[in-house]
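The values are calculated or read from the model by the stated rules, or taken from the named source; none is laboratory data. Predicted, not measured: the structure shown is a model, and the values here were computed from it. Don't worry about glycine lacking a Cβ; one is built from the backbone with ideal geometry, like all the others, and counts go over all protein chains shown. Note: accessible area is taken over every heavy atom of the protein model, side chains too, but ligands, DNA and RNA are not part of it. Shrake-Rupley method; radii C 1.70, N 1.55, O 1.52, S 1.80 Å.
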Amino acid sequence: MTFSPQLEQRFAKMLTRYPEGRTRSAVIPMLIYAQDEVGAITRDVIEEVAKRCKVTPVQVDEVVGYYSMLHRKPQGKFHVQVCTNISCLLVGGEELYEHAKKKLGVGHKETTADGQFSLEEVECMGACSWAPAVEINYDFHHHVTPEKLDQLIDGLRKAH
Amino acid sequence: MAELVKLTIDGREIQAEKGALLIEVARQNGIEVPAFCYHEDYSLQAACRMCLVEIEKTPKLQVGCTTPAAEGMVVRTDSDIVRTARKGTLEFLLTNHPLDCPVCDKGGECELQDMVFRYGAGESRFVERKHHVDEKQWSPVVYFDAPRCILCYRCVRACNEGMGVGALGVGNRGAISEIIPNHDDHLECDECGACIDICPVGALTSGSYRYQTRPWEMEHVGTICTHCADGCKTTLGVRNHEIVRGNNRDRSGINDEFLCIKGRYAFDFTKHPERLQSPMLRTEKGYQPISWSKALAIVATKFSTVKLAGGRFGVIGSNHTTNEENFFLAKFARQGLETKNIDHHRTGDLAAFFDALSGKNNVLATTADLYQAKAVLVVGADLSQQHPFLAFQARANVRHHDGHIYAVTTGEVREDQQAVASVRVEKGGELAGVESLRDKLKAEGDLVIVFGDAVQGDVLRKLVAFGDSLGIPVKYVCLVDYSNSRGAFDMGVTPKDGGLSREQMLAAADLDVLWVVGANPLKNAQLASKNAFVVVQDLFMTETAKQADIVLPAASAYEKSGTVTNVCGEVQKLAQAIKVMGPKTDLEVMGLIAKEMGLDLGIWLPEKVFAEIRKSVHGYNMSQGQLAVGPAATMPLNGRVAALPGTIQSSGDTLFTSGSLTRYSGILNSVMEAPGQLYRGKGQ
Ligand code: SF4
Ligand code: SF4
Ligand code: SF4
Ligand code: FES
């Protein structure tokens, strides 16, 4: 399996960044970048990353299963992640998540029929000071209210 | 000697090595600290929390399996708080456990059942619905039932560290964590079943045994695996005169918990539908079953007539039959038939080996030596494929004693992963490869050299000379293929004193009788003599049996008693697991033929024959008592052994083949890795 020339370049550089014999350290970053390009962590991606980092496929599989930001199935174009962990929960995170479900018409780890949006209820994202927090793809949104979430989603819908 | 510390466990003053794990110190002093994940052979995990103990001045309970003993420690393993903690741990482990004990394979021999019985609470506070995942089949021999798993990681470690395969991992996290196989939905591995046996619960189950029986309905017969030459003990579970499983969970025998796919599963040939059930006589209408008495009379008459007429006999013995049978056969040939033409398929050059070692003491390595030696050098063999147990010993040596492995082979082998140095050579370049390691080997404390069939004759002598020149203690293992290859040689099933070798017998145009006992020499060869009367004793209609005039059905190693000698010269006893109706043991068949012929070759009971072996075979002077408690190692011959004519060649069996038995083991053929290939490195 090969990736785009840019990504190949990035991977080549990545592998030189760790001490001798520690290529396994590149497993997580490689998976994230590969997911961004391929759209999901497929079986091929697992085998490929294992080969490049000199670990067994099952070791990569373990990592994929462990980290919730690694997905085996393609997400919507915009992946909406709503935190319902303690800090967010105390200031309306759960209501926000319920609102998002209604607004998008999908549930946890589901994608809208047009493939534009997917939703995920996530654990702490480290944004407690600005709770409740929402992350859409790699962008953080702070102090989110249901109204603010509507604006965000409508804005993305219009723009695309 | 390590530094000693004094500590108190449950009020008893105990001395222990500083740094020894509390769980071990307690065990050595007869105090049980219950544990699931702790396993003394593998790395520490501390995953199950079953081993919690109370240590004075430490605010929280500590895990006994990773806490080292220290001076002045006061430990309690049975206080109220510890008992409460155990109850809590077990209650927690049972949160999602299905409690389907009545149908679970492990029921009756399950560590979780035992622990709950002994330490658990009678009831659970959890009323929530249990998390359920469907059972999965990962291979023909390995099934996984996730809800039963207690995530102790024993299987993962056994596969990684014990087998050197690394086929298992843990997927997901938290309450939905589960064991995953290396290829998404299936395994590609050694299919050894070690993960199944080491699983404390019924999460991993075996394709051949699952839902067959309850453990207490079986008889458990400890005997020796009949496949490769390593001589692993396998405990056969027998129900209704049928073998339903093989394992070594009681860790007895030279192989501790180890078994490969063959020892654990490949007993199914015993009930193969093509198994011969009665003597078969070749007639114009093909093979016809005849009675034993008729068959024995025909063979005896033919043997007597040919002997009287001064005709030519050829006798080929077996790599799988017992020492007693091989000894009796050799005696039958030499004394009864008065022929020197006796041989077997020789898979290693034992003649040159014993000759080269003649006069030296303490040079034959045992299987335990591979675990204990400072260094192991493997020459010209794919050890993990051809001698799975010896390879396991070497791996365990690295794990437990920082032993060193060296490999000089023609291709990639699994040993490379752990080897201090691996040298790739062309076939024939083995000696040069070994020579290139001289300086490294010289620096080792002691060494075991294990070599395959590429090292024979002069090369073998030179290898031993090389070993001598290192100036360190060196022991050797001359690899041979099958469960009693070594015994066949030791018992004299060889063409010494000018007899014909196996190849010479097959090529002799004037052979009058060819008698084959438990071998398949015509698999890839032609019999030159058109008029030879061919008698074959075997379990199946092999290529050789198909050319026989008369075929006598034989009992397998699992159906008889006697002794076998493994590749390291360790003599071990077989135990009869099942009785057979039609076939007879080769010893009985030979005895009956002798009787028909009016020969006096002695009583054909294994113990009687062994008594004769003790007296007349060098190195076998061991008592039945010695044999009853474990293996007894043979001694090297003292004095020269003449070179023998004939070809020496290993069959190159892999993990998934077993000579002529391969095709009669459904299990060996069912796994996707079969038939496998040598020198492919890790093997996946
Ligand atoms: S069968 Fe053996 S090789 Fe395969 S996963 Fe289990 S322990 Fe590993
Ligand atoms: S499958 Fe068995 S051995 Fe493996 S982690 Fe689960 S309980 Fe332990
Ligand atoms: S290593 Fe050899 S003796 Fe041991 S179980 Fe496997 S085939 Fe049998
Ligand atoms: S045995 Fe100590 S934590 Fe499992």
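Going by the structure shown, is residue B:510 at pLDDT 95 or above, of a type outside the set (Ser, Thr, Tyr) and under 18 Å from residue B:327 (Cα atoms)?
On the way: at pLDDT 95 or above: yes; of a type outside the set (Ser, Thr, Tyr): yes; under 18 Å from residue B:327 (Cα atoms): no.
The answer is no for residue B:510.
Hey, any hits in the range B:118-138 for a residue that's touching a residue at least 12 places away in the same chain (Cβ under 8 Å), farther than 18 Å from residue B:179 by Cβ, open to solvent by less than 40 Å² (accessible area, probe 1.4 Å) and within 16 Å of ligand 4 (Cβ to nearest atom)? Yes, that holds for at least one residue. Scoring residue B:73 on the criteria (1) within 11 Å of ligand 4 (Cβ to nearest atom); (2) open to solvent by less than 50 Å² (accessible area, probe 1.4 Å); (3) in contact (Cβ under 8 Å) with a residue 24 or more places away in the chain; (4) of a type outside the set (D, E, K, R) leaves a single failure, condition (1).
For the range B:611-637, a tally of residues being out of contact with any Phe, Trp or Tyr (no Cβ under 9 Å at 6 or more places or on another chain), surrounded by fewer than 18 Cβ atoms within 10 Å (Cβ to Cβ) and under 23 Å from residue B:364 (Cβ atoms) returns 9. In a residue-by-residue description of the range B:258-274, the property of being aliphatic (A, V, I, L, M) and surrounded by fewer than 23 Cβ atoms within 10 Å (Cβ to Cβ) applies to no position. Among the conditions (1) β-branched (Val, Ile, Thr); (2) open to solvent by less than 10 Å² (accessible area, probe 1.4 Å); (3) more than 16 Å from ligand 1 (Cβ to nearest atom), the only one that residue B:301 does not satisfy is (2).
Note on the range B:79-90: residues that are within 16 Å of ligand 4 (Cβ to nearest atom) and in a loop (DSSP other than H, G, I, E, B) total 0.
Among the residues making up the range B:26-66, a single one is more than 12 Å from ligand 4 (Cβ to nearest atom), closer than 26 Å to residue B:178 by Cα and exposed (fewer than 15 other Cβ atoms within 10 Å of the Cβ): B:43. Among the residues of the range A:36-52, just one is away from chain B (no Cβ under 14 Å), open to solvent by 80 Å² or more (accessible area, probe 1.4 Å) and touching a residue at least 12 places away in the same chain (Cβ under 8 Å), namely A:37. Considering the range A:53-99, the residues that are part of a helix (DSSP H, G or I) and of a type in the set (S, T, N, Q) include one that is nearest to the other protein chains (Cβ to nearest Cβ), namely A:59.
Looking across the range A:16-28 at every residue that is touching a helix residue (DSSP H, G or I) at 6+ places or on another chain (Cβ under 6 Å) and open to solvent by 20 Å² or more (accessible area, probe 1.4 Å), the one that is nearest to residue B:182 (Cα to Cα) is identified as A:24. Of all residues in the range B:433-457, which are over 23 Å from residue B:346 (Cβ atoms), under 29 Å from the mean Cα position of the chain (by Cα) and not in a helix (DSSP H, G or I)? The answer is B:444, B:445, B:446, B:447.
Within the range B:652-671, the set of residues being aromatic (Phe, Trp, Tyr) and either in the same structural domain as residue B:207 (by TED's automatic domain parsing) or within 14 Å of ligand 3 (Cβ to nearest atom) (or both) comprises B:656 only. Exactly one residue out of B:564, B:609, B:641, B:589 is among the β-branched types (Val, Ile, Thr) and part of a loop (DSSP other than H, G, I, E, B): that is B:641. Annotation: of all residues in the range B:150-202 being in a loop (DSSP other than H, G, I, E, B), more than 9 Å from ligand 1 (Cβ to nearest atom) and open to solvent by 30 Å² or more (accessible area, probe 1.4 Å), the one that is farthest from residue B:655 (Cα to Cα) is B:173. Is at least one residue of the range B:419-441 more than 20 Å from residue B:365 (Cβ to Cβ), open to solvent by less than 60 Å² (accessible area, probe 1.4 Å) and in contact (Cβ under 8 Å) with a residue 60 or more places away in the chain? No: zero hits. The set of residues from the range B:550-582 being polar (S, T, N, Q) and open to solvent by 10 Å² or more (accessible area, probe 1.4 Å) comprises B:561, B:572, B:576.
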